[in-house]
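Quick one: structure below, then a few questions.
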């Protein structure tokens, strides 16, 4: 089945974090806290998915307080941290949302994502993903992890579902409304 056909069925997008939503680099501060950066383009993509009625979730093997804050800001209601067995969390999510595996997309980068990616309907890889991840993916981004790969994955899904054009009109209207409000305050 072609990638576009798979993407048409997606109702939820699940993402890995390190190496996918981030570039995989961890900065360790003197107190031991780890810091990582997130790309605003990926954040905008996640917000666009929500506007289109697509749910989002995160499953990651690491634990980070900063991720909780980032996910909250983006409206990602389901964040599972510290889970190496991502496939078992997938089944929990499927049951909770009454979804079928073919209605879920997952984007990842490394071998820890392999089993969940084999289990979903639409699997995506970042450009710098492990070769085994690329081999089983239905979609391979032109961008590396943390550099807009998630955004490109989401845009592909939205375009396959013919939601992109109406979303762009909605975004333009929101922008115009905000500009008008700001002008009226002056």
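Identify, please: which residue in the range 39-68 is in a loop (DSSP other than H, G, I, E, B) and within 12 Å of the chain's Cα centre (by Cα) and is, among those, farthest from residue 168 (Cα to Cα)?
For the range 39-68, the residue satisfying everything is 39.
Moving on to the next point. Looking at the range 43-56, can you tell me whether even one residue there is farther than 30 Å from residue 165 by Cα and surrounded by 16 or more Cβ atoms within 10 Å (Cβ to Cβ)?
Scanning the range 43-56 turns up no residue that is farther than 30 Å from residue 165 by Cα and surrounded by 16 or more Cβ atoms within 10 Å (Cβ to Cβ).
Looking at the structure I just gave you, is residue 22 within 25 Å of residue 98 (Cβ to Cβ), surrounded by 22 or more Cβ atoms within 10 Å (Cβ to Cβ) and in contact (Cβ under 8 Å) with a residue 24 or more places away in the chain?
Criteria not met by residue 22.
Then there's this: What are the residues in the range 93-102 that are surrounded by 17 or more Cβ atoms within 10 Å (Cβ to Cβ), touching a residue at least 60 places away in the same chain (Cβ under 8 Å) and in contact with a helix residue (DSSP H, G or I) (Cβ under 9 Å, 6 or more places away or on another chain), if any?
99
How do the helices (runs of 4 or more DSSP H) wholly within the range 120-186 filter down when requiring 1 or more residues that are modelled with pLDDT of 95 or more and farther than 23 Å from residue 57 by Cβ: which remain?
131-136
Could you check the range 1-37 and list, in sequence order, the residues that are modelled with pLDDT under 95 and either closer than 19 Å to residue 148 by Cα or assigned to a strand (DSSP E or B) (or both)?
24, 25, 26, 27, 28, 34, 35, 36, 37, listed by residue number.
Next question, about the same structure. Take the residues of the range 104-119 that are over 20 Å from residue 62 (Cα atoms) and in contact with a strand residue (DSSP E or B) (Cβ under 7 Å, 6 or more places away or on another chain): which is surrounded by the fewest Cβ atoms within 10 Å (Cβ to Cβ)?
So, considering only residues that are over 20 Å from residue 62 (Cα atoms) and in contact with a strand residue (DSSP E or B) (Cβ under 7 Å, 6 or more places away or on another chain), the one surrounded by the fewest Cβ atoms within 10 Å (Cβ to Cβ) is 104.
The values are calculated or read from the model by the stated rules, or taken from the named source; none is laboratory data. Predicted model, so just to flag it, every value in this text is computed and none were measured. Virtual Cβ from ideal backbone geometry, glycine too; neighbours counted across all protein chains shown.
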